[in-house]
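Take a look at the structure below.
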Amino acid sequence: MYDILWLLLRILVFLLGATSVIAAALSAIRTFVLPRSVSDVFSRNVFLVVRMFFELRKRRTTTYEQRDQIMELYAPISLLALLTAWLLCIQLGYTAMFWGLTDGSLYQAFKISGSSLFTLGIAFVDTFPATLLTFSEAAIGLLLVALLISYLPTIYTSFSRREEAVTLLETRAGSPPSAVEMIKRYYRIGGLEKLTEIWRSWEKWFAEIEESHTSLGSLTFFRSPQPQRSWVTAAGAILDTASLINAALDIPHDPQADLCIRAGYLCLRYVSSFFKMPFDPNPDPTDPISISRVEFDLAYDELAAEGVPMKPDREQAWRDFSGWRVNYDTPLLALAELTDAPRAPWVSDRFLIHPPRLLTRYRR
């Protein structure tokens, strides 16, 4: 009876070990290989745990520059922590399988597993089933490292394309980017009615962001080379510029601006959904937004003072702007909070009104 129970225990441990290995392998496939938006629980939890440590470190800071210096390491360290977690799960899983398959001690099984995973050759068991496990573990370990190495160039290629547009925006919208500033600059050079190419290029940018930041989730947290820049604040400035022009400026309507706004809010919604951040997918045009009427009136007056042609019906202009903004207001602010974006008008400066709730939201 004792022997049967001992055999059943070894079988159970072997199966648990195999489950651990399969879970880690599937997580790596979803993260590195699968070319679509799939939220992986394993990767998500690793990033959350690392983020908690970074949040603790950020509590000691007093300026944004200090926070930015801390958060610049978040994405790289999280990727290395993810690889470490995979390797640990695989080693522990194979330890359980070696223990369930052989008559050795748990320490001996751990030693054989580590030797196999890192191809050290310092311990082995010369039986056919154990040899198969040894070869498979060595192959998985090498494959994971190879996948990470090949994954990095893909990340940095997408990062470079993203940041090119963000950098160019500084000459058009200032630093930090502002919708009001962008409209004023284009008015000064007589370009308000020639923005079609801008809307078209940013529509394409939003499509690329949607694809890359959901299939390569860690890319969302890679920070811009300059502390005052952020892909989130750039997205907000472009969307607010298009919304303001559509709603308040007395110039011929450009349908391409509508398409750019739609591409933008769809992009932000898909990225927000990937990180499981709540938002209303079908907001009503009259729903409240984070921009107050006072702030809108100040922007309206500033543009009018610059000589920008404004629609005379300010009330209707506010309703139209609010109707555009409501489509992306919640996802935009949530992503700004998630990425700890630098302060920018109508985007990350909303934290003074809506305190950060990142970790609380993620624990739900």
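The values are calculated or read from the model by the stated rules, or taken from the named source; none is laboratory data. This structure is a prediction, so every number in the text was calculated from the model and none was measured. Quick reminder, even Gly has a Cβ in these numbers, built from the backbone with ideal geometry, and neighbours come from all protein chains shown.
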Determine which member of the set Glu181, Glu203, Glu210 is assigned by TED's automatic domain parsing to the domain that holds Gln226 and more than 22 Å from the chain's Cα centre (by Cα).
Glu181
In the range 118-139, residue farthest from Val13 (Cα to Cα) [restricted to those that are crowded, with 17+ Cβ neighbours inside 10 Å and at pLDDT 90 or above]
Ala138
Got at least one residue in the range 249-258 being among the polar types (S, T, N, Q) and without any contact (Cβ under 8 Å) to a residue 40 or more places away in the chain?
no
Restricting attention to the range 290-326, and to residues there that are in contact with a Lys or Arg (Cβ under 8 Å, 6 or more places away or on another chain) and part of a loop (DSSP other than H, G, I, E, B), which single residue is farthest from Arg350 (Cα to Cα)?
Val308
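Say we look at the range 171-222 and pick out the residues that are charged (D, E, K, R) and farther than 19 Å from Asn246 by Cα; which of these is surrounded by the most Cβ atoms within 10 Å (Cβ to Cβ)?
Glu210
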Which count do you get for residues in the range 1-14 that are surrounded by 13 or more Cβ atoms within 10 Å (Cβ to Cβ) and either modelled with pLDDT of 90 or more or among the small types (Gly, Ala, Ser) (or both)?
2
Which residues, counting only those in the range 160-174, are in a helix (DSSP H, G or I) and either of a type in the set (D, E, K, R) or touching a helix residue (DSSP H, G or I) at 6+ places or on another chain (Cβ under 6 Å) (or both)?
Arg161, Arg162, Glu163, Glu164, Ala165, Val166, Leu169, Glu170, Arg172, Ala173
For the range 32-43, which residues satisfy the criterion of being part of a helix (DSSP H, G or I) and touching a residue at least 60 places away in the same chain (Cβ under 8 Å)?
Phe32, Val33, Ser43
